[in-house]
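One structure is given below, encoded as structure tokens.
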Amino acid sequence: MKKNPTQPALRALTRALASALFLLGILSFPWRAERPSAAPSVALACAGAGPLLAGVAVRPVELGPAPTIAGFARLRWAAEGVLHPVTARALVLAEPGCSVALASAELLLIPEELSLSVKSRVADLGFDAVVVAATHSHAGPGGYWDSLPGSLGGTGPYDPGAAERLVEALAGAIREAHAARAPASLSLARGRDLTLAQSRDDAAVDGRLLALRLSRPDRTPLAELLAFASHPTILGMANRRISGDWPGALLRAAPRGPRLFFQGAVGDQSVRWPDAPREARLEAYAASIGAALEALPDGPASTWAAVST
């Protein structure tokens, strides 16, 4: 009896659809109990006054022998190489009465357990606050979230080794930044550009740009902390090579010293596609964000800026 040549393809399609429906069903379960509404409360507070000290550090994220790629729900999570190396970065700001560490990595998100592990590793440094954030890259390394819905929906199968490497990179960057503290001045630049992003649901475009700029007393640039809201999904689901997407390209261009990037309120904010060939879109979009940030006028620089949290 002659086999129908379309049967294997139909079976493969059926399996793929069944798997997709299974994943959607799993992710639709109420995995967390509803939290009762409550008024906001202050978890911690500190305020400093005096000469500002600042230090910055950048560390590569080691990926291990078999990295996975995060960002989208997939049937196959194995990465197919590295398009752009990803990093962990830290900025420490301190003055008498208050010391804070700000850390960011080219990842999809930061689970609470990962944040707590990083804070535990640097507890001996006596920070009043440690903030650990992700650039929200949808092409970053995965495997670090010990959560069934989280791993199925975005970060891939949990790998304790992957989580440990990220903790080491983030905590190590914080320690290096702490050790590099020295007198610094700080200025703040803000603006808005509605041409760089678009809303997914026809709501208002955010467009807020923020640049915290630090220099040494002799005006040598030290570092920048940047913020903007736009989903880092330029590479898309078809991409299987690890990358920081457009925030990674923004970080690699550093005219004022090492940069940290903190994603804004990104829920419905997406990239407004640049007029560039597909293979050049990532760098072109990052360049347009960078140009908009560079165009922001500096506020007054201060070596006595109040640090508070």
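Would you please name the residue that is nearest to PRO51 (Cα to Cα), looking only at residues in region 69-104 that are touching a Phe, Trp or Tyr at 6+ places or on another chain (Cβ under 7 Å) and crowded, with 24+ Cβ neighbours inside 10 Å?
Only one residue fits best here, namely ALA101.
Go through region 157-211 and report how many residues are of a type in the set (Ser, Thr, Tyr) and under 21 Å from the mean Cα position of the chain (by Cα).
Adding up the residues that qualify gives 2.
Going through region 94-142 one residue at a time, which ones are touching a residue at least 12 places away in the same chain (Cβ under 8 Å) and among the polar types (S, T, N, Q)?
Within region 94-142, SER99, SER104, SER115, SER117, THR135, SER137 meet the criteria.
Could you tell me whether PRO111 is modelled with pLDDT of 95 or more and outside the structural domain of ALA253 (by TED's automatic domain parsing)?
For PRO111, the condition - modelled with pLDDT of 95 or more and outside the structural domain of ALA253 (by TED's automatic domain parsing) - is met.
Suppose we filter region 232-255 for residues that are among the small types (Gly, Ala, Ser), over 14 Å from TYR285 (Cβ atoms) and either touching a residue at least 24 places away in the same chain (Cβ under 8 Å) or touching a helix residue (DSSP H, G or I) at 6+ places or on another chain (Cβ under 7 Å) (or both); how many remain?
Summing the residues that are among the small types (Gly, Ala, Ser), over 14 Å from TYR285 (Cβ atoms) and either touching a residue at least 24 places away in the same chain (Cβ under 8 Å) or touching a helix residue (DSSP H, G or I) at 6+ places or on another chain (Cβ under 7 Å) (or both) in region 232-255 gives 1.
Give the number of residues within region 259-275 that are in a loop (DSSP other than H, G, I, E, B) and closer than 11 Å to LEU226 by Cα.
Residues in region 259-275 being in a loop (DSSP other than H, G, I, E, B) and closer than 11 Å to LEU226 by Cα: 1 in total.
Being assigned to a loop (DSSP other than H, G, I, E, B), within 13 Å of ALA163 (Cβ to Cβ) and among the hydrophobic types (A, V, I, L, M, F, W, C) is the filter here; which residues of region 110-138 pass it?
Within region 110-138, ILE110 is the sole residue that qualifies.
Take region 261-302 and flag every residue that is within 22 Å of LEU93 (Cβ to Cβ) and touching a Pro at 6+ places or on another chain (Cβ under 6 Å).
PHE261 - this is the single residue of region 261-302 that is within 22 Å of LEU93 (Cβ to Cβ) and touching a Pro at 6+ places or on another chain (Cβ under 6 Å).
Scanning for something over 24 Å from GLY71 (Cβ atoms), out of contact with any helix residue (DSSP H, G or I) (no Cβ under 9 Å at 6 or more places or on another chain) and either of a type in the set (Asp, Glu) or in the same structural domain as LEU109 (by TED's automatic domain parsing) (or both), does region 220-231 turn up at least one residue?
No, the conditions are met nowhere in region 220-231.
If I ask for residues that are within 24 Å of VAL100 (Cα to Cα) and out of contact with any helix residue (DSSP H, G or I) (no Cβ under 7 Å at 6 or more places or on another chain), which ones from region 256-292 would you list?
Across region 256-292, the qualifying residues are ARG256, GLY257, PRO258, LEU260, PHE262, GLN263, GLY264, ALA265.
The values are calculated or read from the model by the stated rules, or taken from the named source; none is laboratory data. Since we're looking at a predicted model, the values are computed, not measured. Cβ atoms come from the backbone with ideal geometry, glycine included; neighbour counts cover every protein chain shown.
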